[in-house]
1. Here's a check for you: in region B:1-36, which residue that is in a strand (DSSP E or B), under 11 Å from B:Thr94 (Cβ atoms) and among the hydroxyl-bearing types (Ser, Thr, Tyr) is nearest to the chain's Cα centre (by Cα)?
2. If you take the residues in region A:27-74 that are β-branched (Val, Ile, Thr) and away from every other protein chain (no Cβ under 14 Å), which one is surrounded by the most Cβ atoms within 10 Å (Cβ to Cβ)?
3. Looking at region B:80-107, which of its residues are part of a strand (DSSP E or B) and out of contact with any Lys or Arg (no Cβ under 6 Å at 6 or more places or on another chain)?
4. Go through the residues of region B:91-111 one by one and say whether even a single one is more than 14 Å from chain A (Cβ to nearest Cβ), in contact (Cβ under 8 Å) with a residue 24 or more places away in the chain and surrounded by fewer than 16 Cβ atoms within 10 Å (Cβ to Cβ).
5. Working only within region A:86-110, note down all residues that are of a type outside the set (Lys, Arg), over 15 Å from the mean Cα position of the chain (by Cα) and either surrounded by 15 or more Cβ atoms within 10 Å (Cβ to Cβ) or modelled with pLDDT of 95 or more (or both).
Amino acid sequence: AQTVTQSQPEMSVQEAETVTLSCTYDTSENNYYLFWYKQPPSRQMILVIRQEAYKQQNATENRFSVNFQKAAKSFSLKISDSQLGDTAMYFCAFMKHIDDKIIFGKGTRLHILP
Amino acid sequence: DTGVSQNPRHKITKRGQNVTFRCDPISEHNRLYWYRQTLGQGPEFLTYFQNEAQLEKSRLLSDRFSAERPKGSFSTLEIQRTEQGDSAMYLCATTGGSYNEQFFGPGTRLTVL
């Protein structure tokens, strides 16, 4: 069974700083998908970034980038130039096949301080 | 707003009562998922549909839970004889494109007293 572990329950950083959220996962699959989802307070979960395991290049979306280490089964999220609107719960997630269910970690609560 | 809607947004009920939640997907999304999120935890998979067919159910989905998607559009999740342990946020997500992104609804927060 696949598992996703986020070891940082809560983090705080100053606005404009860079922050890295950690995630490790366990799977015996070779091809799969990894995601970071953002859940702002009282708002809907939205996809931040995704990575296909067969791609060696790390995904990037504007200020968000990942460090995907397949052999180490590590998938960290880096947020550059953090903004107040980045305050949210961040979930690392795994999906085995396209259109399959998603397995989520327990989340990291990120506070961006003014 | 992701385009996925859920109703009601909040539901307070007494233990032993039945409750039903509804999810309206993005138009033409053929896959629909239900997740449950308890306080301080990530969402956990409950079940999913491909059109009207229910393809997988989690062990979390006890006999008191039933989900339907009768016409392959909206879906309902019913919990019979609610227990305090059923208190959670129930999330719906849908997907239908080749990009396979799951779009989440705002959730229904259930409180069982």
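1. B:Tyr33
2. A:Val66
3. Of region B:80-107, the ones part of a strand (DSSP E or B) are B:88-95, B:103-104.
Of everything in region B:80-107, those that are part of a strand (DSSP E or B) and out of contact with any Lys or Arg (no Cβ under 6 Å at 6 or more places or on another chain) turn out to be B:Leu91, B:Cys92, B:Ala93, B:Thr94, B:Phe103, B:Phe104.
4. First, pick out the residues of region B:91-111 that are more than 14 Å from chain A (Cβ to nearest Cβ): B:110-111.
Now restrict to residues that are in contact (Cβ under 8 Å) with a residue 24 or more places away in the chain: B:110-111.
Pick out the ones that are also surrounded by fewer than 16 Cβ atoms within 10 Å (Cβ to Cβ) and you get B:111.
Checking region B:91-111: at least one residue is more than 14 Å from chain A (Cβ to nearest Cβ), in contact (Cβ under 8 Å) with a residue 24 or more places away in the chain and surrounded by fewer than 16 Cβ atoms within 10 Å (Cβ to Cβ).
5. Hits for region A:86-110 are A:Asp99, A:Asp100.
The values are calculated or read from the model by the stated rules, or taken from the named source; none is laboratory data. Computed from a prediction, not measured in an experiment: that's the story for all the values here. Positions of Cβ are generated from backbone atoms using ideal geometry, with glycine treated the same way; all protein chains shown enter the neighbour counts.
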